[in-house]
1. Quick one: how many residues across the stretch 18-49 are under 17 Å from Lys73 (Cα atoms) and either in contact with a Lys or Arg (Cβ under 8 Å, 6 or more places away or on another chain) or touching a residue at least 60 places away in the same chain (Cβ under 8 Å) (or both)?
2. Can you pull out the residues in the stretch 43-92 that are among the β-branched types (Val, Ile, Thr), surrounded by fewer than 13 Cβ atoms within 10 Å (Cβ to Cβ) and not in a strand (DSSP E or B)?
3. Any residue in the stretch 93-112 that is in contact (Cβ under 8 Å) with a residue 40 or more places away in the chain and surrounded by fewer than 17 Cβ atoms within 10 Å (Cβ to Cβ) sitting within a Cβ distance under 8 Å of a residue that is in a strand (DSSP E or B) and among the polar types (S, T, N, Q)? List the pairs, counting only those 6 or more apart or interchain.
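Just so it is clear, none of the values below were taken in a lab; they were calculated from the coordinates. Every value quoted in this text rests on a predicted model; they were computed, and no experiment measured them. Cβ atoms come from the backbone with ideal geometry, glycine included; neighbour counts cover every protein chain shown.
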Amino acid sequence: MEYMAKLRHLQASPQKVRLVADMIRGKDVEEAAIILKHTKKRAAGPLEKLLKSAVANAENRDENVDVDDLYVKEVFVDGGPAMKRIWFTTMGRAYRKLKRQSHVTIKLDTRPEGDDRGRRN
């Protein structure tokens, strides 16, 4: 069964968030949490919180789900709305700055029987 959590309006550009999301795709939940905890990128903190939320959704939705069997099936980052700001410079000039936002979705699932990909021996 598939469990999902969404994070909307994260104040970081989708390009930077995708760098962190690519690190946890296909990993076990426990391993993904360790990776996010020790990553220095700013987007790792909100993604770690989102991963914990997805695990909590799984436990709340299905009481007999084993958290050790869950893995990150899908992670995708979409662009959100961009805030347009003005940056004033010398000689009366002004430039437009786009402060980009991201929408992140994490989907967790249990591994099929006999599929040991991503597991440590």
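1. The qualifying residues number 11.
2. Listed by number, the residues that qualify are Thr89, Thr90.
3. Qualifying pairs under 8 Å: none.
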